[in-house]
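The values are calculated or read from the model by the stated rules, or taken from the named source; none is laboratory data. Worth saying up front: this structure is predicted, and the values here are computed from it rather than measured. No Cβ is skipped: glycine too gets one built from the backbone with ideal geometry, and neighbour counts run over all protein chains shown.
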Amino acid sequence: MKTIEANFDGLVGPTHNYAGLSFGNVASKSNANAISNPKQAALQGLQKMKSLADLGMFQGVLAPQERPDIYSLRRLGFGGSDAQVIAQAAKQSPSVFLACCSASSMWTANAATVSPSADCANHKVNFTPANLTNKFHRSIEPQETGNILKAIFADSEHFSHHLHLPENDFFGDEGAANHTRFCDQYGQSGVEFFVYGKHAFDDSKPAPTKFPARQTLEASQAIARLHGLDENKVVYAQQNPDIIDQGVFHNDVIAVGNKNVLFYHEQAFLNTQEVRQHITLAYGDEPFYFIEAPTQKVSVQDAVKSYLFNTQLINLPNNEMVIIAPMECQQNEAVDEYLKEITASNNPISNVHFFDVKQSMQNGGGPACLRLRVVLTSEQQQALNQNTVMNDSLYAQLTSWVNNHYRDQLTVADLADPHLLNESRTALDELTQIMCLGSVYRFQQN
């Protein structure tokens, strides 16, 4: 085996729902309170994982988080039995209750920032869970995210886990959704590219005015320090404030990178020429491709609606670079035409594979939101929890598990059903046994 870039997708949880909680995420807000299909969503996600594994990719699975989050509700003053906590919260503070039912942990691009051992001073793969402080419903994720990552990447000889950053807006961190890595070969030292929305400690700098900037420069700098990155191999770039105000809440909604390619919209960054110069300088003498989508060919609205840039840009085992895109890209005439133009042009991207991830798209996340990229040497591939690696056996087990435990439909009213919590805990307890995760959930530790 050689050093590869693995993708770990989030398994959609049994309480998958559309609560419309994410201000600044147009798709999330527009589908608020719609009837969700948890079983279909989970099966769609599994099918995507299995398809990528069949293409020869190293594909892993991250477990979902427990929802409703009873522990956060208790911390906020709701008491009694679990059923009483749910009933009180749903009646007295429905907005808080819905936040504690969020399905957002399925988008593992926000789970953590990951730096490979070739880039880090300690020569280990470094993980820092995102604190996600900008949204309450996401800020309740980091502890359990850390538990799950530690259960998968447990070998301390190869993996290093950091505590999430301080839970304050000054260090707002949204994880890999604002982080990309460039390299000639995955096993070589690369350039780590951090995109931020604002300067936390300098109000005089440009910032969005309509929607919040969720990632701060200071958070990105802190992660680079924690991971022991070479400052000459780190590039910081500010996201265009105007693009954030148009509904581009993370950089991975307007740009995607892989190896020696940065594919981005012309409005993605505040100072595009400066960004290109810094990447070129850090990358060195090897060829690098900047693929810039002009507004005249793809509008920001079309990019957001189709999630053109929330696609996965990957190298297949034969070294062919391809785009993994949602069906919405194929269904948008302007976007489909532009993708055909890219694959016919003189750049490393040669093909596009389309996947149906409608349930995720309706909740505000495309293919790139669903995965966390982890570069692994052959030894690190062997050292991680093998029961989390997608193959025919795991796919069959997880498909059966979903069919046995998930409901076909969920309404917002269904979330207040105490039986749903019991169903979910039964399912998650079984899942930890299938994937040999141990007691990662708090209900298993009581």
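Structure notes:
- Matching residues in the stretch 63-75 - criterion: being over 17 Å from residue 16 (Cα atoms) and surrounded by 15 or more Cβ atoms within 10 Å (Cβ to Cβ): 71, 72, 73
- Every residue from the stretch 158-177 that is crowded, with 19+ Cβ neighbours inside 10 Å and among the aromatic types (Phe, Trp, Tyr): 159, 171
- Scanning the stretch 363-385 for residues that are of a type in the set (A, V, I, L, M) and closer than 24 Å to residue 311 by Cα returns 368, 370, 372, 374, 375, 376.
- Residues of the stretch 194-218 satisfying the condition of being in contact (Cβ under 8 Å) with a residue 60 or more places away in the chain, farther than 16 Å from residue 135 by Cα and either under 23 Å from the mean Cα position of the chain (by Cα) or surrounded by 21 or more Cβ atoms within 10 Å (Cβ to Cβ) (or both): 195
- Hits in the stretch 268-287 (condition: closer than 23 Å to residue 208 by Cα and under 26 Å from the mean Cα position of the chain (by Cα)): 268, 269, 270, 271, 272, 275, 276
- Scanning the stretch 405-431 for residues that are at pLDDT 95 or above, touching a Leu at 6+ places or on another chain (Cβ under 9 Å) and among the charged types (D, E, K, R) yields a single hit, 407.
- Pair list, Cβ < 7 Å and 6+ apart or interchain, from the stretch 266-277 residues that are in contact (Cβ under 8 Å) with a residue 12 or more places away in the chain to residues that are in a loop (DSSP other than H, G, I, E, B) and surrounded by 21 or more Cβ atoms within 10 Å (Cβ to Cβ): 267/240; 268/240; 268/254; 269/240; 270/240
- Residue count for the stretch 194-212, restricted to those that are within 20 Å of residue 167 (Cα to Cα) and of a type in the set (Gly, Ala, Ser): 2.
This table checks each residue for (1) farther than 30 Å from residue 378 by Cβ; (2) in contact with a Pro (Cβ under 9 Å, 6 or more places away or on another chain); (3) not hydrophobic (A, V, I, L, M, F, W, C).
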position: 118; (1), (2), (3): no, no, no
position: 137; (1), (2), (3): yes, no, yes
position: 146; (1), (2), (3): no, yes, yes
position: 160; (1), (2), (3): no, no, yes
position: 170; (1), (2), (3): yes, no, no
position: 175; (1), (2), (3): no, yes, yes
position: 203; (1), (2), (3): yes, no, yes
position: 207; (1), (2), (3): yes, yes, no
position: 212; (1), (2), (3): yes, no, yes
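- Of the helices (runs of 4 or more DSSP H) lying entirely inside the stretch 216-309, those containing at least 1 residues that are touching a Ser or Thr at 6+ places or on another chain (Cβ under 6 Å) are 217-226.
- All positions within the stretch 250-284 that are farther than 18 Å from residue 323 by Cβ, of a type in the set (Ser, Thr, Tyr) and touching a strand residue (DSSP E or B) at 6+ places or on another chain (Cβ under 6 Å): 283
- Applying a threshold of 8 Å to beta carbon distances and a minimum spacing of six or more residues, or different chains, the list of pairs starting in the stretch 351-375 at a residue that is farther than 11 Å from residue 7 by Cα and ending at one that is among the charged types (D, E, K, R) and assigned to a loop (DSSP other than H, G, I, E, B) reads 351/320.
- Residue in the stretch 161-183 that is closer than 24 Å to residue 431 by Cβ and either without any contact (Cβ under 8 Å) to a residue 24 or more places away in the chain or not in a helix (DSSP H, G or I) (or both) present: yes
- Among the residues of the stretch 100-148, those identified as more than 16 Å from the chain's Cα centre (by Cα), modelled with pLDDT under 95 and either aliphatic (A, V, I, L, M) or outside any helix (DSSP H, G or I) (or both) are 100, 101.
- Lone unmet requirement of (1) touching a Gly at 6+ places or on another chain (Cβ under 7 Å); (2) in a loop (DSSP other than H, G, I, E, B); (3) at pLDDT 95 or above for residue 151: (2)
- Some residue of the stretch 292-303 being closer than 19 Å to residue 180 by Cβ and over 20 Å from the mean Cα position of the chain (by Cα): yes
- Identification of helices (runs of 4 or more DSSP H) wholly contained in the stretch 1-89 with 1 or more residues that are at negative phi and modelled with pLDDT of 90 or more yields 38-54, 70-75.
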